[in-house]
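This report concerns only the one structure given below.
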Amino acid sequence: MLKVGVLGAGHLGKIHLRLLNESEAYELIGFYDADAVNGERVAKEFGYRYFDNLNTLIASVDVVDIVTPTLSHFECAKKAIENKKHIFIEKPITHTLEKAEELIALAREYSVKGQVGHVERFNPAFTAVKENIKDPMFIETHRLAEFNPRGTDVPVVLDLMIHDIDAILSVVDSEVKQINASGVSVISSSPDIANARIAFENGCVANLTASRISLKNMRKSRFFQKDAYISVDFLQKKVEVVKMKAAPERPGDFDMVLQNAEGVKKQIYFENPEVHLNNAIKDELEAFAKAIETDTEPVVSLEQGTNALRVALRIIESF
């Protein structure tokens, strides 16, 4: 078992602590929180060992799980890497591209692995259909959330939209060509609602909308490609795959057949990939443990997390 320590005992940090404590891949050594009062309270309530010294915790573990506010990611990760510890770091990897690229260089220098917490990669709805998503040419995403003060230290693009940016980059094998975007600050000092249009070199276009001031929660993505439409509901953990193929000469009574202006007939049929419900956070943490043990590339590498950040920052710059 890999010895692991958690930095940050806020809302998400406590979830990580519980899952790591339950995991058979890790031995939870303890946690550090800059707020000593909160640290003592969490230790008393849940029984995890609280370290009041960051360096002492880092020295005691093999893996450092960084669940602190985004602005502190770099310093925490740098200290862990320089102590030759593997790092799991929540998204976004850092708040600047320069800091993210420095972490990549440090991880290579000290021969440690890093994974970024883009948890939607492990969402069972997405994993159920990812293999079906091939050369999408139009993508539309909506990630809407009710207002929550947590996360408002960064723009909604880094808080919410970056989930969809990362998922899109994982299925579109092309460089970004052009970005147009707009964002509006309503409650926070940074944009709370944003829309972005990303055009890729291969002709694919992605239209992304994110809001943290909505009256309801929604996390849906739609992928359109040749002869197929794929819908992923990340919130409800549901998928819909609609495909088309050449229509049979003699369609059955219940076959759905469309004919275009040129007279070409296509049959519509549905596929229902099985969605195996899981705990995505636990799966991403244990996938990282497996990458360390087998010396393989993490599912969401530091490089991939940096690519998502690069696009997110370009969107923010387009406002």
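Observations, loosely collected:
- Of residues in region 82-115 being touching a strand residue (DSSP E or B) at 6+ places or on another chain (Cβ under 6 Å) and among the β-branched types (Val, Ile, Thr), the one surrounded by the most Cβ atoms within 10 Å (Cβ to Cβ): ILE93
- Residues satisfying the stated conditions in region 1-49, i.e. free of Cβ contacts under 8 Å to residues at least 40 places away in the same chain, surrounded by fewer than 21 Cβ atoms within 10 Å (Cβ to Cβ) and assigned to a strand (DSSP E or B): GLU27, ILE29, GLY30
- Test for SER174: is it part of a loop (DSSP other than H, G, I, E, B) and within 30 Å of VAL61 (Cα to Cα): no
- Hey, THR70 in contact with a Phe, Trp or Tyr (Cβ under 6 Å, 6 or more places away or on another chain), open to solvent by less than 40 Å² (accessible area, probe 1.4 Å), in contact (Cβ under 8 Å) with a residue 12 or more places away in the chain and polar (S, T, N, Q) or not: no
- Check on MET244, modelled with pLDDT under 90 and within 30 Å of PHE200 (Cα to Cα): yes
- From the options SER211, SER221, SER185, SER189, residue that is more than 16 Å from VAL172 (Cα to Cα), small (Gly, Ala, Ser) and at pLDDT 95 or above: SER211
- Residues that are of a type in the set (S, T, N, Q), on the phi < 0 side of the Ramachandran plot and in a loop (DSSP other than H, G, I, E, B), drawn from region 87-138: THR94, THR96, ASN123
- Scanning region 103-127 for residues that are out of contact with any helix residue (DSSP H, G or I) (no Cβ under 9 Å at 6 or more places or on another chain) and under 21 Å from ILE162 (Cα atoms) yields one hit, ALA125.
- Within region 97-110, the presence of at least one residue that is closer than 23 Å to LEU208 by Cα and touching a residue at least 40 places away in the same chain (Cβ under 8 Å) is confirmed.
- Residue in region 263-282 that is touching a residue at least 12 places away in the same chain (Cβ under 8 Å), crowded, with 18+ Cβ neighbours inside 10 Å and part of a loop (DSSP other than H, G, I, E, B) present: yes
- Breaking point among (1) more than 24 Å from LEU12 (Cβ to Cβ); (2) surrounded by fewer than 23 Cβ atoms within 10 Å (Cβ to Cβ), for GLU146: (1)
The values are calculated or read from the model by the stated rules, or taken from the named source; none is laboratory data. Predicted model, so just to flag it, every value in this text is computed and none were measured. Here the Cβ is made from the backbone with ideal geometry for all residues, glycine too, and neighbour counts use every protein chain on show. Surface areas here come from the heavy atoms of the whole protein model, side chains and all, with no ligands, DNA or RNA. Shrake-Rupley method; radii C 1.70, N 1.55, O 1.52, S 1.80 Å.
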